[in-house]
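The values are calculated or read from the model by the stated rules, or taken from the named source; none is laboratory data. Quick caveat, the model's predicted, so the values are computed rather than measured. No Cβ is skipped: glycine too gets one built from the backbone with ideal geometry, and neighbour counts run over all protein chains shown. With ligands, DNA and RNA removed, areas are computed over all heavy atoms of the protein, side chains included. Shrake-Rupley method; radii C 1.70, N 1.55, O 1.52, S 1.80 Å.
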Amino acid sequence: MLKRKWVLSSFIAILALSTLLGGTGALASTLKDLKQEQKLNEQKKKNLNATIENKDKAIQSTRSDIQKFLDQVAKVNREIKETNDNMNRVIGKINKTQDEIDSLKASIKDLEKKIAERDEVLRERVRAMQAKGNNVNYIDVLLGANSFADFIDRFSAVTTLMDADRDIMKRQKEDIEQLEKEKALVEKKLAELEQNKAQLEKLKARLLDKKKEKHKIIDQLEAEEERLSKEKKQVEDEFHEAVEIGADLEKKVIAEQKRAAEIARREEERRRKEREAARANSTKIPPVSDGFWTRPASGTFTSSFGWRVHPIYGTKRQHRGVDIANSIGTPIVAAADGVVSFAGQMGGLGNCVMITHSSDGQILTTVYGHMSRIDAHVGQVIDKGTQVGAIGTTGASTGPHLHFEIHVGNFSASGPSAVNPLRYVSF
(Lines give C-alpha, C1' and ligand atoms only; values in the text may rest on other atoms or scores of the structure.)
Protein backbone atom coordinates (compact mmCIF):
# COMPACT_ATOMS: atom_id res chain seq x y z
CA MET A 1 0.00 0.00 0.00
CA LEU A 2 2.83 2.42 0.87
CA LYS A 3 4.57 1.63 -2.40
CA ARG A 4 1.36 2.26 -4.35
CA LYS A 5 0.88 5.62 -2.61
CA TRP A 6 4.51 6.56 -3.36
CA VAL A 7 4.11 5.75 -7.06
CA LEU A 8 0.83 7.72 -7.23
CA SER A 9 2.41 10.73 -5.46
CA SER A 10 5.40 10.65 -7.81
CA PHE A 11 3.09 10.51 -10.81
CA ILE A 12 1.11 13.57 -9.61
CA ALA A 13 4.29 15.52 -8.89
CA ILE A 14 5.81 14.78 -12.29
CA LEU A 15 2.49 15.57 -14.01
CA ALA A 16 2.36 18.95 -12.24
CA LEU A 17 5.96 19.67 -13.16
CA SER A 18 5.40 18.82 -16.81
CA THR A 19 2.37 21.12 -16.90
CA LEU A 20 4.39 23.96 -15.47
CA LEU A 21 7.15 23.39 -17.99
CA GLY A 22 4.58 23.17 -20.80
CA GLY A 23 6.22 20.03 -22.26
CA THR A 24 4.83 16.54 -23.00
CA GLY A 25 8.13 14.65 -23.19
CA ALA A 26 8.48 14.33 -19.41
CA LEU A 27 4.88 13.05 -19.12
CA ALA A 28 5.47 10.39 -21.77
CA SER A 29 8.66 9.34 -19.99
CA THR A 30 6.81 9.09 -16.67
CA LEU A 31 4.02 7.01 -18.20
CA LYS A 32 6.64 4.70 -19.66
CA ASP A 33 8.27 4.35 -16.25
CA LEU A 34 4.91 3.61 -14.67
CA LYS A 35 4.19 0.93 -17.26
CA GLN A 36 7.63 -0.57 -16.61
CA GLU A 37 6.94 -0.48 -12.85
CA GLN A 38 3.60 -2.13 -13.42
CA LYS A 39 5.27 -4.82 -15.54
CA LEU A 40 7.86 -5.48 -12.85
CA ASN A 41 5.12 -5.56 -10.26
CA GLU A 42 3.16 -8.15 -12.25
CA GLN A 43 6.29 -10.28 -12.65
CA LYS A 44 6.91 -10.11 -8.92
CA LYS A 45 3.36 -11.29 -8.24
CA LYS A 46 3.80 -14.15 -10.70
CA ASN A 47 7.00 -15.22 -8.97
CA LEU A 48 5.26 -15.06 -5.58
CA ASN A 49 2.33 -17.11 -6.83
CA ALA A 50 4.76 -19.73 -8.17
CA THR A 51 6.46 -19.85 -4.76
CA ILE A 52 3.11 -20.28 -3.00
CA GLU A 53 2.15 -23.08 -5.39
CA ASN A 54 5.43 -24.86 -4.67
CA LYS A 55 4.84 -24.47 -0.94
CA ASP A 56 1.32 -25.89 -1.33
CA LYS A 57 2.73 -28.91 -3.17
CA ALA A 58 5.33 -29.43 -0.45
CA ILE A 59 2.64 -29.20 2.22
CA GLN A 60 0.47 -31.76 0.39
CA SER A 61 3.49 -34.07 0.19
CA THR A 62 4.02 -33.64 3.93
CA ARG A 63 0.38 -34.53 4.55
CA SER A 64 1.03 -37.82 2.75
CA ASP A 65 3.96 -38.42 5.11
CA ILE A 66 1.71 -37.71 8.10
CA GLN A 67 -0.80 -40.27 6.82
CA LYS A 68 2.06 -42.79 6.64
CA PHE A 69 2.82 -42.10 10.31
CA LEU A 70 -0.87 -42.60 11.17
CA ASP A 71 -0.86 -45.89 9.25
CA GLN A 72 2.23 -46.99 11.21
CA VAL A 73 0.49 -46.13 14.49
CA ALA A 74 -2.54 -48.18 13.42
CA LYS A 75 -0.24 -51.12 12.53
CA VAL A 76 1.52 -50.97 15.91
CA ASN A 77 -1.88 -50.80 17.64
CA ARG A 78 -2.87 -54.03 15.87
CA GLU A 79 0.39 -55.66 16.96
CA ILE A 80 -0.18 -54.49 20.55
CA LYS A 81 -3.68 -56.03 20.49
CA GLU A 82 -2.29 -59.29 19.08
CA THR A 83 0.38 -59.40 21.83
CA ASN A 84 -2.28 -58.73 24.49
CA ASP A 85 -4.38 -61.60 23.11
CA ASN A 86 -1.35 -63.92 23.18
CA MET A 87 -0.62 -62.87 26.77
CA ASN A 88 -4.21 -63.65 27.77
CA ARG A 89 -3.94 -67.10 26.17
CA VAL A 90 -0.66 -67.84 28.01
CA ILE A 91 -2.16 -66.61 31.29
CA GLY A 92 -5.07 -68.99 30.66
CA LYS A 93 -2.60 -71.86 30.17
CA ILE A 94 -0.77 -70.90 33.36
CA ASN A 95 -4.02 -70.82 35.36
CA LYS A 96 -5.13 -74.17 33.91
CA THR A 97 -1.75 -75.80 34.64
CA GLN A 98 -1.80 -74.41 38.17
CA ASP A 99 -5.30 -75.87 38.71
CA GLU A 100 -4.07 -79.25 37.42
CA ILE A 101 -1.07 -79.12 39.77
CA ASP A 102 -3.32 -78.27 42.73
CA SER A 103 -5.64 -81.16 41.81
CA LEU A 104 -2.69 -83.60 41.51
CA LYS A 105 -1.29 -82.44 44.86
CA ALA A 106 -4.68 -83.08 46.49
CA SER A 107 -4.80 -86.55 44.89
CA ILE A 108 -1.22 -87.29 46.04
CA LYS A 109 -2.13 -86.26 49.58
CA ASP A 110 -5.16 -88.59 49.51
CA LEU A 111 -3.06 -91.50 48.14
CA GLU A 112 -0.37 -90.98 50.76
CA LYS A 113 -3.04 -91.08 53.46
CA LYS A 114 -4.53 -94.34 52.11
CA ILE A 115 -1.06 -95.93 51.77
CA ALA A 116 -0.19 -94.93 55.33
CA GLU A 117 -3.48 -96.36 56.67
CA ARG A 118 -2.98 -99.71 54.85
CA ASP A 119 0.63 -99.82 55.95
CA GLU A 120 -0.55 -99.49 59.55
CA VAL A 121 -3.05 -102.37 59.04
CA LEU A 122 -0.29 -104.61 57.64
CA ARG A 123 2.03 -103.67 60.49
CA GLU A 124 -0.71 -104.56 63.03
CA ARG A 125 -1.16 -107.94 61.30
CA VAL A 126 2.55 -108.68 61.59
CA ARG A 127 2.65 -107.58 65.23
CA ALA A 128 -0.33 -109.84 66.00
CA MET A 129 1.39 -112.83 64.43
CA GLN A 130 4.64 -112.08 66.28
CA ALA A 131 2.71 -111.94 69.55
CA LYS A 132 1.67 -115.59 69.00
CA GLY A 133 5.21 -116.66 68.19
CA ASN A 134 7.30 -116.63 65.12
CA ASN A 135 6.28 -120.18 64.13
CA VAL A 136 2.56 -119.45 64.20
CA ASN A 137 1.16 -119.27 60.66
CA TYR A 138 -1.88 -120.18 58.63
CA ILE A 139 -0.76 -123.92 58.45
CA ASP A 140 -0.58 -124.09 62.26
CA VAL A 141 -4.10 -122.73 62.44
CA LEU A 142 -5.38 -125.49 60.07
CA LEU A 143 -3.49 -128.30 61.82
CA GLY A 144 -4.84 -127.23 65.17
CA ALA A 145 -8.41 -128.25 64.19
CA ASN A 146 -10.20 -130.63 66.62
CA SER A 147 -12.49 -132.14 63.99
CA PHE A 148 -13.17 -132.11 60.28
CA ALA A 149 -15.94 -129.55 60.75
CA ASP A 150 -13.53 -127.40 62.78
CA PHE A 151 -10.98 -127.83 59.99
CA ILE A 152 -13.50 -126.63 57.41
CA ASP A 153 -14.35 -123.58 59.54
CA ARG A 154 -10.68 -122.82 60.08
CA PHE A 155 -9.91 -123.28 56.37
CA SER A 156 -12.72 -120.87 55.43
CA ALA A 157 -11.47 -118.29 57.91
CA VAL A 158 -7.86 -118.63 56.75
CA THR A 159 -8.93 -118.33 53.11
CA THR A 160 -10.87 -115.16 53.91
CA LEU A 161 -7.89 -113.67 55.76
CA MET A 162 -5.49 -114.57 52.96
CA ASP A 163 -7.83 -113.03 50.33
CA ALA A 164 -8.13 -109.89 52.44
CA ASP A 165 -4.35 -109.69 52.78
CA ARG A 166 -3.84 -110.17 49.06
CA ASP A 167 -6.47 -107.48 48.29
CA ILE A 168 -4.79 -105.09 50.69
CA MET A 169 -1.38 -105.77 49.18
CA LYS A 170 -2.76 -105.40 45.65
CA ARG A 171 -4.40 -102.06 46.37
CA GLN A 172 -1.29 -100.94 48.25
CA LYS A 173 0.87 -101.75 45.24
CA GLU A 174 -1.56 -100.02 42.80
CA ASP A 175 -1.77 -96.89 44.95
CA ILE A 176 2.01 -96.70 45.32
CA GLU A 177 2.40 -96.98 41.53
CA GLN A 178 -0.30 -94.32 41.01
CA LEU A 179 1.44 -92.11 43.58
CA GLU A 180 4.71 -92.32 41.64
CA LYS A 181 2.92 -91.52 38.35
CA GLU A 182 1.18 -88.48 39.81
CA LYS A 183 4.38 -87.21 41.40
CA ALA A 184 6.11 -87.48 38.01
CA LEU A 185 3.14 -85.73 36.37
CA VAL A 186 3.38 -82.90 38.92
CA GLU A 187 7.04 -82.41 38.01
CA LYS A 188 6.10 -82.30 34.31
CA LYS A 189 3.30 -79.79 34.96
CA LEU A 190 5.66 -77.64 37.03
CA ALA A 191 8.12 -77.60 34.11
CA GLU A 192 5.29 -76.58 31.74
CA LEU A 193 4.30 -73.87 34.19
CA GLU A 194 7.83 -72.44 34.19
CA GLN A 195 7.94 -72.53 30.36
CA ASN A 196 4.61 -70.66 30.14
CA LYS A 197 5.81 -68.10 32.66
CA ALA A 198 8.99 -67.56 30.62
CA GLN A 199 6.87 -67.15 27.47
CA LEU A 200 4.68 -64.63 29.31
CA GLU A 201 7.74 -62.59 30.28
CA LYS A 202 8.87 -62.51 26.63
CA LEU A 203 5.39 -61.35 25.56
CA LYS A 204 5.43 -58.64 28.22
CA ALA A 205 8.82 -57.44 26.93
CA ARG A 206 7.48 -57.45 23.35
CA LEU A 207 4.43 -55.46 24.46
CA LEU A 208 6.68 -52.89 26.14
CA ASP A 209 8.83 -52.62 22.99
CA LYS A 210 5.74 -52.12 20.81
CA LYS A 211 4.43 -49.38 23.11
CA LYS A 212 7.84 -47.65 22.96
CA GLU A 213 7.79 -47.98 19.16
CA LYS A 214 4.30 -46.46 19.07
CA HIS A 215 5.35 -43.47 21.20
CA LYS A 216 8.44 -42.97 19.02
CA ILE A 217 6.29 -42.88 15.86
CA ILE A 218 3.89 -40.42 17.50
CA ASP A 219 6.85 -38.23 18.49
CA GLN A 220 7.93 -38.21 14.84
CA LEU A 221 4.35 -37.45 13.80
CA GLU A 222 4.12 -34.47 16.14
CA ALA A 223 7.50 -33.17 14.96
CA GLU A 224 6.37 -33.48 11.33
CA GLU A 225 3.11 -31.67 12.08
CA GLU A 226 5.05 -28.92 13.85
CA ARG A 227 7.24 -28.54 10.75
CA LEU A 228 4.13 -28.44 8.57
CA SER A 229 2.63 -25.73 10.78
CA LYS A 230 5.79 -23.62 10.47
CA GLU A 231 5.81 -24.00 6.66
CA LYS A 232 2.17 -22.94 6.46
CA LYS A 233 2.91 -19.93 8.64
CA GLN A 234 5.85 -19.01 6.39
CA VAL A 235 3.65 -19.21 3.27
CA GLU A 236 1.01 -17.04 4.93
CA ASP A 237 3.60 -14.46 5.97
CA GLU A 238 4.97 -14.30 2.43
CA PHE A 239 1.48 -13.92 1.05
CA HIS A 240 0.65 -11.00 3.36
CA GLU A 241 3.90 -9.30 2.43
CA ALA A 242 3.09 -9.50 -1.29
CA VAL A 243 2.36 -6.37 -3.36
CA GLU A 244 -1.25 -5.34 -3.76
CA ILE A 245 -3.18 -6.85 -6.61
CA GLY A 246 -4.06 -4.65 -9.61
CA ALA A 247 -7.53 -3.44 -10.49
CA ASP A 248 -8.04 -5.99 -13.27
CA LEU A 249 -7.01 -8.86 -11.03
CA GLU A 250 -9.23 -7.47 -8.28
CA LYS A 251 -12.21 -7.61 -10.68
CA LYS A 252 -11.35 -11.18 -11.54
CA VAL A 253 -11.11 -12.02 -7.84
CA ILE A 254 -14.51 -10.45 -7.17
CA ALA A 255 -16.02 -12.39 -10.07
CA GLU A 256 -14.40 -15.58 -8.81
CA GLN A 257 -15.69 -14.88 -5.30
CA LYS A 258 -19.21 -14.52 -6.65
CA ARG A 259 -18.85 -17.82 -8.48
CA ALA A 260 -17.39 -19.43 -5.34
CA ALA A 261 -20.28 -18.01 -3.27
CA GLU A 262 -22.79 -19.69 -5.57
CA ILE A 263 -20.88 -22.97 -5.35
CA ALA A 264 -20.71 -22.59 -1.55
CA ARG A 265 -24.47 -21.97 -1.43
CA ARG A 266 -25.16 -25.13 -3.44
CA GLU A 267 -22.62 -27.04 -1.34
CA GLU A 268 -24.32 -25.82 1.84
CA GLU A 269 -27.65 -27.06 0.54
CA ARG A 270 -26.09 -30.43 -0.31
CA ARG A 271 -24.53 -30.69 3.17
CA ARG A 272 -27.83 -29.72 4.78
CA LYS A 273 -29.57 -32.56 2.97
CA GLU A 274 -26.76 -34.93 3.92
CA ARG A 275 -27.03 -33.83 7.56
CA GLU A 276 -30.77 -34.44 7.51
CA ALA A 277 -30.22 -37.89 6.03
CA ALA A 278 -27.44 -38.59 8.52
CA ARG A 279 -29.62 -37.33 11.39
CA ALA A 280 -32.27 -39.84 10.41
CA ASN A 281 -29.65 -42.60 10.60
CA SER A 282 -27.53 -41.22 13.45
CA THR A 283 -28.44 -43.86 16.03
CA LYS A 284 -25.50 -46.07 15.08
CA ILE A 285 -23.09 -46.32 18.02
CA PRO A 286 -19.40 -46.97 17.13
CA PRO A 287 -18.29 -50.55 17.97
CA VAL A 288 -16.74 -50.92 21.43
CA SER A 289 -13.10 -52.07 21.29
CA ASP A 290 -11.40 -54.55 23.61
CA GLY A 291 -9.13 -53.23 26.34
CA PHE A 292 -9.50 -50.08 28.46
CA TRP A 293 -10.13 -47.58 25.60
CA THR A 294 -12.54 -47.37 22.66
CA ARG A 295 -13.01 -44.84 19.82
CA PRO A 296 -15.36 -42.06 21.02
CA ALA A 297 -17.17 -41.52 17.67
CA SER A 298 -17.28 -42.76 14.12
CA GLY A 299 -16.17 -40.45 11.32
CA THR A 300 -13.09 -39.02 9.61
CA PHE A 301 -9.89 -38.22 11.54
CA THR A 302 -9.33 -34.62 10.38
CA SER A 303 -6.92 -32.92 12.78
CA SER A 304 -4.08 -34.11 15.01
CA PHE A 305 -2.61 -32.98 18.32
CA GLY A 306 -0.07 -30.13 18.21
CA TRP A 307 0.53 -26.51 17.25
CA ARG A 308 -1.38 -24.95 14.35
CA VAL A 309 -2.89 -21.68 13.14
CA HIS A 310 -6.44 -21.58 14.51
CA PRO A 311 -8.94 -21.39 11.60
CA ILE A 312 -11.16 -18.91 13.47
CA TYR A 313 -8.77 -16.78 15.55
CA GLY A 314 -6.00 -16.78 12.94
CA THR A 315 -3.26 -17.13 15.56
CA LYS A 316 -0.91 -20.02 16.27
CA ARG A 317 -2.31 -22.10 19.12
CA GLN A 318 -1.84 -25.57 20.53
CA HIS A 319 -4.53 -27.97 19.34
CA ARG A 320 -4.84 -29.94 22.59
CA GLY A 321 -6.72 -32.90 21.15
CA VAL A 322 -7.81 -34.57 17.91
CA ASP A 323 -10.85 -33.94 15.68
CA ILE A 324 -13.28 -36.50 14.23
CA ALA A 325 -15.62 -35.06 11.57
CA ASN A 326 -19.09 -36.45 10.95
CA SER A 327 -22.65 -35.22 10.49
CA ILE A 328 -24.55 -33.40 13.24
CA GLY A 329 -26.28 -35.89 15.53
CA THR A 330 -23.68 -38.68 15.16
CA PRO A 331 -23.42 -40.42 18.59
CA ILE A 332 -20.48 -39.68 20.91
CA VAL A 333 -19.64 -42.39 23.47
CA ALA A 334 -17.47 -42.60 26.58
CA ALA A 335 -13.95 -43.67 25.56
CA ALA A 336 -13.51 -45.62 28.83
CA ASP A 337 -15.25 -46.46 32.12
CA GLY A 338 -15.41 -43.49 34.46
CA VAL A 339 -17.43 -40.79 36.24
CA VAL A 340 -18.84 -37.66 34.53
CA SER A 341 -17.10 -34.67 36.14
CA PHE A 342 -18.47 -31.87 33.90
CA ALA A 343 -21.44 -31.50 31.56
CA GLY A 344 -22.37 -28.10 30.17
CA GLN A 345 -21.21 -25.11 28.09
CA MET A 346 -17.51 -24.21 28.24
CA GLY A 347 -16.24 -21.30 26.11
CA GLY A 348 -14.70 -22.31 22.80
CA LEU A 349 -15.46 -25.99 23.49
CA GLY A 350 -19.18 -25.22 23.30
CA ASN A 351 -21.36 -27.96 24.73
CA CYS A 352 -18.85 -30.15 26.52
CA VAL A 353 -18.64 -33.31 28.65
CA MET A 354 -15.65 -34.35 30.79
CA ILE A 355 -15.17 -37.86 32.23
CA THR A 356 -12.67 -38.82 34.95
CA HIS A 357 -11.09 -42.29 34.66
CA SER A 358 -8.80 -44.47 36.77
CA SER A 359 -6.44 -46.80 34.86
CA ASP A 360 -4.00 -48.93 36.92
CA GLY A 361 -4.10 -46.31 39.66
CA GLN A 362 -3.51 -43.39 37.26
CA ILE A 363 -6.16 -40.64 36.97
CA LEU A 364 -7.01 -39.50 33.42
CA THR A 365 -9.62 -37.06 32.10
CA THR A 366 -11.29 -37.19 28.67
CA VAL A 367 -12.93 -34.12 27.07
CA TYR A 368 -15.66 -34.17 24.39
CA GLY A 369 -16.30 -30.75 22.77
CA HIS A 370 -18.59 -28.94 20.26
CA MET A 371 -21.57 -31.25 21.00
CA SER A 372 -24.97 -30.58 19.48
CA ARG A 373 -26.52 -32.05 22.63
CA ILE A 374 -25.42 -33.52 25.98
CA ASP A 375 -26.73 -36.92 27.13
CA ALA A 376 -24.86 -37.21 30.45
CA HIS A 377 -24.91 -35.50 33.86
CA VAL A 378 -22.31 -34.72 36.52
CA GLY A 379 -21.73 -37.59 38.94
CA GLN A 380 -22.98 -40.24 36.53
CA VAL A 381 -20.99 -43.50 36.69
CA ILE A 382 -20.61 -44.42 33.05
CA ASP A 383 -19.43 -47.48 31.13
CA LYS A 384 -17.14 -47.46 28.10
CA GLY A 385 -19.21 -47.19 24.90
CA THR A 386 -22.21 -45.44 26.58
CA GLN A 387 -23.54 -42.46 24.62
CA VAL A 388 -22.78 -39.12 26.28
CA GLY A 389 -23.86 -36.76 23.50
CA ALA A 390 -23.88 -36.10 19.76
CA ILE A 391 -21.53 -34.43 17.28
CA GLY A 392 -22.24 -30.74 16.66
CA THR A 393 -20.56 -27.43 15.88
CA THR A 394 -21.11 -25.39 19.07
CA GLY A 395 -18.41 -23.08 20.42
CA ALA A 396 -15.39 -22.08 18.30
CA SER A 397 -16.04 -24.54 15.48
CA THR A 398 -16.00 -24.25 11.67
CA GLY A 399 -18.03 -27.41 11.03
CA PRO A 400 -19.61 -30.45 12.69
CA HIS A 401 -16.98 -32.56 14.47
CA LEU A 402 -15.95 -34.02 17.83
CA HIS A 403 -12.98 -32.35 19.52
CA PHE A 404 -11.52 -35.08 21.82
CA GLU A 405 -8.83 -34.54 24.46
CA ILE A 406 -7.04 -36.72 27.05
CA HIS A 407 -5.41 -35.17 30.13
CA VAL A 408 -3.10 -36.87 32.62
CA GLY A 409 -4.69 -36.05 35.96
CA ASN A 410 -7.35 -33.33 35.96
CA PHE A 411 -8.31 -31.09 33.03
CA SER A 412 -6.45 -27.81 32.59
CA ALA A 413 -6.95 -25.16 29.89
CA SER A 414 -3.16 -24.82 29.44
CA GLY A 415 0.02 -26.52 30.53
CA PRO A 416 1.36 -30.05 30.03
CA SER A 417 -1.67 -32.05 31.23
CA ALA A 418 -3.02 -32.58 27.67
CA VAL A 419 -1.42 -35.53 25.84
CA ASN A 420 -1.81 -36.89 22.33
CA PRO A 421 -4.93 -39.14 22.36
CA LEU A 422 -3.18 -41.39 19.79
CA ARG A 423 -1.03 -42.63 22.67
CA TYR A 424 -4.12 -44.30 24.19
CA VAL A 425 -6.94 -44.66 21.62
CA SER A 426 -6.90 -46.32 18.19
CA PHE A 427 -8.58 -44.17 15.53
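Suppose every K and R has +1 on its Cβ and every D and E has -1 on its Cβ; what is the size of the dipole of region 320-395 about the Cα centre, in Debye to the nearest 20? Spell out each step's value before the answer.
Working: 3 positive and 5 negative charges, 37 e Å.
With Lys and Arg at +1 and Asp and Glu at -1, about 180 debye.
For residue 119, what accessible surface area do you get with a 1.4 Å probe? Give it in Å², rounded to 10.
Accessible surface of residue 119 is approximately 60 Å².
Suppose each label sits 7 Å from its Cα in the direction of the beta carbon; what would the residue 110-residue 265 distance come out to in nanometres?
8.9 nm
Counting Lys +1, Arg +1, Asp -1, Glu -1, what net charge surrounds residue 176 among other residues with beta carbon under 12 Å of its beta carbon? Walk me through the numbers on the way to the answer.
Details: positive: 114, 118, 170, 171, 173, 181, 183; negative: 112, 119, 174, 175, 177, 180, 182.
Taking every Cβ under 12 Å from that of residue 176, the sum is 0.
Once phi is turned into θ = phi - 60°, what whole-Hz ³J(HN,Hα) does the Karplus curve with 6.51, -1.76 and 1.60 give for every residue of region 349-355, x standing for Gly and Pro?
Karplus values, whole Hz, x for Gly and Pro: 6, x, 5, 9, 10, 10, 10.
What distance in nm separates the simple spin-label points at residue 79 and residue 408, each placed 7 Å from Cα in the Cβ direction?
The two pseudo-label positions are separated by 2.3 nm.
So if we plug the beta-carbon distance of residue 64 and residue 199 into 1/(1 + (r/R0)^6) with R0 = 51 Å, what FRET efficiency do we get, rounded to 0.05?
Values: r = 40 Å, r/R0 = 0.78.
Calculated transfer efficiency: 0.80.
Compute the FRET efficiency between residue 359 and residue 171 as 1/(1 + (r/R0)^6), taking r as their Cβ-Cβ distance and R0 = 51 Å, and round to the nearest 0.05.
Values: r = 57 Å, r/R0 = 1.12.
Approximately 0.35, to the nearest 0.05.
Just the number: Rg to Rh for region 309-410, Cα atoms, Kirkwood Rh, two decimals. Walk me through the intermediate numbers first.
Details: Rg = 13.2 Å, Rh = 13.6 Å.
Reported Rg/Rh, Kirkwood definition of Rh: 0.97.
Going toward the positive end of the dipole of region 302-427, with +1 on Lys and Arg Cβ and -1 on Asp and Glu Cβ, which of 418, 380, 357 do you reach last?
After comparing all options, I get 418.
State, to one decimal in nm, how far the label point of residue 50 lies from the label point of residue 345, with both points 7 Å from Cα in the Cβ direction.
Going from the residue 50 label point to the residue 345 one covers 5.3 nm.
Which entries in 68/216; 75/216; 189/210; 68/210; 93/210 show an alpha-carbon gap greater than 25 Å? Don't jump to the answer; show the numbers that get you there.
On the way: 68/216 14 Å; 75/216 14 Å; 189/210 31 Å; 68/210 17 Å; 93/210 23 Å.
Cα-Cα > 25 Å for 189/210; rest within.
How far, in nm, would the chain grow between residue 285 and residue 184 when pulled straight, counting 0.36 nm per residue and subtracting the alpha carbon separation?
Values: separation 101, 0.36 × 101 = 36.36 nm, distance 5.43 nm.
Contour length minus Cα-Cα distance gives 30.9 nm.
Assuming R0 = 60 Å, what is the FRET efficiency of residue 192 and residue 303, from their Cβ-Cβ distance, to the nearest 0.05? Before the final figure, lay out the partial values.
Details: r = 51 Å, r/R0 = 0.84.
Efficiency for this residue pair is about 0.75.
Given H placed on each backbone N at 1.01 Å, which residues far from residue 389 in sequence or on other chains put an amide H within less than 5 Å of it?
332, 375
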